[in-house]
1. Return the residues of segment 34-57 that are among the polar types (S, T, N, Q) and open to solvent by less than 30 Å² (accessible area, probe 1.4 Å); say none if nothing qualifies.
2. Based on what the data block shows, is residue 208 in contact with a Lys or Arg (Cβ under 9 Å, 6 or more places away or on another chain) and surrounded by fewer than 22 Cβ atoms within 10 Å (Cβ to Cβ)?
3. Quick check on residue 105: is it of a type in the set (A, V, I, L, M) and out of contact with any Gly (no Cβ under 6 Å at 6 or more places or on another chain)?
4. Filter segment 101-128 down to residues that are touching a residue at least 24 places away in the same chain (Cβ under 8 Å), assigned to a loop (DSSP other than H, G, I, E, B) and of a type in the set (D, E, K, R), then give me how many there are.
5. Could you name every one of the strands (runs of 3 or more DSSP E) located completely within segment 129-248 that has at least 2 residues being modelled with pLDDT of 95 or more and over 18 Å from the mean Cα position of the chain (by Cα)?
6. Please specify each residue of segment 201-248 satisfying the condition of being farther than 24 Å from residue 61 by Cβ, touching a residue at least 40 places away in the same chain (Cβ under 8 Å) and among the polar types (S, T, N, Q).
7. Which one of these is without any contact (Cβ under 8 Å) to a residue 24 or more places away in the chain and of a type outside the set (Lys, Arg): 50, 75, 68, 40?
8. Looking only at segment 72-92, count how many residues are assigned to a strand (DSSP E or B) and under 30 Å from residue 196 (Cβ atoms).
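The values are calculated or read from the model by the stated rules, or taken from the named source; none is laboratory data. This one's a predicted model, so the numbers in the text were calculated from it and none came from an experiment. In this analysis, Cβ positions are derived from the backbone assuming ideal geometry, glycine residues included, and neighbour counts consider all displayed protein chains. Heads up: the accessible areas ignore ligands, DNA and RNA and are worked out on the full protein's heavy atoms, side chains in. Shrake-Rupley method; radii C 1.70, N 1.55, O 1.52, S 1.80 Å.
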Amino acid sequence: MKYSRMLAVLAAWALGSAHAGDVTVAVAANFAAPLQAIAAILEKTTGHKANIVTGATGKFYAQIKNGAPFDVFLAADNETPEKIEAEGLGVPGSRFTYAKGKLVLWSANPALVDAQGQVLKTGEFRKIAIAQPKVAPYGAAAMEAITRLDLAGRLGPRLVLGESIGQTFSFISTGNAELGFVAMSQVLEGGKLKNGSMWAVPAALYQPIVQDAIVLTRGKDKPAAAALVTLLKSDRIKALLRSYGYEL
């Protein structure tokens, strides 16, 4: 009886693998690491494979309007997916919030950033990195925080702009900028700071970073796209995202 049951399980797995497909996902750079973990779970549990392309939300919007071959878009804001849906570039009703991000001031130097962020006013540093505010929501949030802290004049000449939050993180981690504003998800692992030093920017200093996903027209009726969306909405993934510092 056990042998027959095992054969049935293997047959079901083989049938699922035979129908497995792939999904091409455009994802905002802040969510790159979590999506890699989610893609591994997707392939293990369904056989579907996720092809991941990372970048800045604003640039993805322009690419999608120009016919880029993406099936699902995970943005770093909610306005861009809303525009995509309104412009008929996404599947109606498929848009949903998958995470709410947090902004941090981070340095690869473990002694540079203090717990109150006073380094912005008193610290000695040459360069501070943020993502390009025009295309990256985390960059816009960083600029908003700098302005509310009345530090735009002081920090303006020292700003280094990354094309995405991913490039911004790279600037800081390689020392091209001593510190900068990045996503909390980029510096946490298992709920703990991986390295360096950070200040969690108070939520009152910037507009909430609500991150929406949408199935694009090309992904309509694609089983792999549907499977990814289902997984993103599951309790299993919500627990994973909390470990990266996201709110849900």
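1. Result: 57, single match.
2. Considered against the rule, which asks whether it is in contact with a Lys or Arg (Cβ under 9 Å, 6 or more places away or on another chain) and surrounded by fewer than 22 Cβ atoms within 10 Å (Cβ to Cβ), residue 208 comes out as yes.
3. no
4. Number satisfying all stated conditions: 4.
5. Hits in segment 129-248: 159-162, 197-200.
6. Residue satisfying the conditions is 243 alone.
7. 40
8. Total satisfying the criteria: 1.
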